[in-house]
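Enquirer: Dropping a structure here in structure tokens format, bear with me for questions.
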Amino acid sequence: MSEVHTTIVETSAEADFDGIRAGFYALLARLLARPLDDEFLDHVSRLEGDDSALGLALTKVAGLAKAGSDDHFQDEYSRLFYGQGQGGELLPFSSYYLTGQLYDAPLAAVRDDMATLGIQPTGSVKEPEDHIAGLLDMMHGLITGRFDAGTVNLVGQQDFYDRHIGPWASDFFADLKKADSAEFYAAVAELGLAFTDIEAEAFRLAA
Amino acid sequence: MDHKDKSSKPEKRGRREFLTLAGISAAGVGALAAAGTAEAAESKQTDKGQGYQETAHVRTYYELAKY
């Protein structure tokens with residue numbers, strides 16, 4: 001009897017962690033995928049964190065969102081990621097960070113895993129699939145079971161993370177944090193650093 | 001895919017304690033957790049019974065604003 005009870009408690013605790021982890025992946029993916037619109041800005045400005053490093057980073061993002069306008073954030077996003085028709089300050093793609101070239105082997109590796117996991121991009125996305133937002137969103141989908149593979153367990157999540165995100169995400173977030181145009185997105189970068197640090201260590205502890 | 005079969009294995013205690021201390025807890029980020037869960041539930045529902053090629057299925061990885 002007591003063993004059954006313990007199992008239920010553990011399962012529910014895992015589900016709670018996974019819901020929150022998935023939420024962070026979704027939040028970071030949406031923040032980095034495209035500029036903020038009114039609705040999302042409203043959502044972000046109402047987020048609250050506790051006094052952990054992660055919670056403080058979340059509160060900082062929310063506070064800046066509350067204080068700014070969507071026009072301002074759209075300009076900042078454009079300068080960072082779009083530029084004046086010739087690219088922004090940053091190229092948030094795994095292929096670029098890992099080989100110095102866009103569309104190189106790391107993108108092919110992402111596409112291979114997407115095929116295996118039943119992840120299919122819609123035609124509306126113009127960027128290659130190894131964009132940081134795409135990869136973070138794929139993690140969200142693996143945790144929540146959004147793709148054909150269903151809910152992918154921790155081993156599968158870690159495998160995907162270690163192959164496509166772990167090797168470069170902290171370099172990217174460090175670059176974003178210190179980018180000339182980054183104000184709001186510097187706080188987003190801090191949130192990304194705090195969260196990916198936690199994920200990397202938590203995967204290590206689970207192994 | 002074959003990862004799924006192993007998903008019932010309980011998480012190690014060190015990981016749970018670490019995640020709790022690190023702020024991955026409902027108390028720390030309640031709104032976010034609820035948001036993530038709602039999004040997951042919604043996309044699961046949308047997926048049911050639809051062809052894999054349909055846009056509505058994967059709803060894909062840039063359609064996250066709705067959560």
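Enquirer: Of the numbered conditions (1) surrounded by fewer than 16 Cβ atoms within 10 Å (Cβ to Cβ); (2) away from every other protein chain (no Cβ under 14 Å), A:Glu39 satisfies every one except a single condition; which is it?
Expert: For A:Glu39, the exception is condition (2).
Enquirer: Here's another thing I want to ask about it. So which residues in segment A:163-207 are more than 14 Å from every other protein chain (Cβ to nearest Cβ) and not in a helix (DSSP H, G or I)?
Expert: Within segment A:163-207, A:Gly166, A:Pro167, A:Trp168, A:Ala179, A:Asp180, A:Ser181, A:Ala182, A:Glu183 qualify.
Enquirer: Do we find that A:Gly55 is under 26 Å from A:Ile198 (Cα atoms) and part of a helix (DSSP H, G or I) in this structure?
Expert: Judged against the criteria, A:Gly55 is a match.
Enquirer: Then there is this: Among the residues of segment A:175-192 satisfying the criterion of being open to solvent by 40 Å² or more (accessible area, probe 1.4 Å) and not acidic (Asp, Glu), which is nearest to A:Asp70 (Cα to Cα)?
Expert: Initial filter on segment A:175-192 (open to solvent by 40 Å² or more (accessible area, probe 1.4 Å)): A:175, A:177-178, A:180, A:183, A:190.
Cutting the leftovers down to not acidic (Asp, Glu) gives us A:177-178.
Numbers: A:Lys177: 20, A:Lys178: 21 Å.
The residue in question is A:Lys177.
Enquirer: Another question, if that's okay. A:Gly141: at the interface with chain B (Cβ under 8 Å from one of its Cβ atoms), more than 18 Å from A:Arg204 (Cβ to Cβ), outside any loop (DSSP other than H, G, I, E, B) and open to solvent by less than 10 Å² (accessible area, probe 1.4 Å), yes or no?
Expert: yes
Enquirer: Quick check on my filter: what residues within segment A:149-172 are more than 22 Å from A:Gly23 (Cβ to Cβ) and either crowded, with 23+ Cβ neighbours inside 10 Å or free of Cβ contacts under 8 Å to residues at least 60 places away in the same chain (or both)? I'd like the intermediate steps shown before the answer.
Expert: Taking segment A:149-172 and keeping what is more than 22 Å from A:Gly23 (Cβ to Cβ), we get A:163, A:167-168, A:171.
A:Arg163, the sole residue that qualifies.
Enquirer: Could you figure out which of (1) within 12 Å of another protein chain (Cβ to nearest Cβ); (2) free of Cβ contacts under 8 Å to residues at least 12 places away in the same chain; (3) part of a helix (DSSP H, G or I) isn't true of A:Asp50?
Expert: Status for A:Asp50: all satisfied but (3).
Enquirer: Still on this structure, I have one more. Checking A:Arg146 against (1) facing chain B (nearest Cβ under 8 Å); (2) under 18 Å from A:Tyr77 (Cα atoms); (3) among the basic types (Lys, Arg), which test does it fail?
Expert: (2)
The values are calculated or read from the model by the stated rules, or taken from the named source; none is laboratory data. Treat the numbers as computed from the prediction; the structure is a model and nothing was measured. Don't worry about glycine lacking a Cβ; one is built from the backbone with ideal geometry, like all the others, and counts go over all protein chains shown. When the accessible area is computed, the model is the full protein with side chains, heavy atoms only, and any ligands, DNA or RNA have been set aside. Shrake-Rupley method; radii C 1.70, N 1.55, O 1.52, S 1.80 Å.
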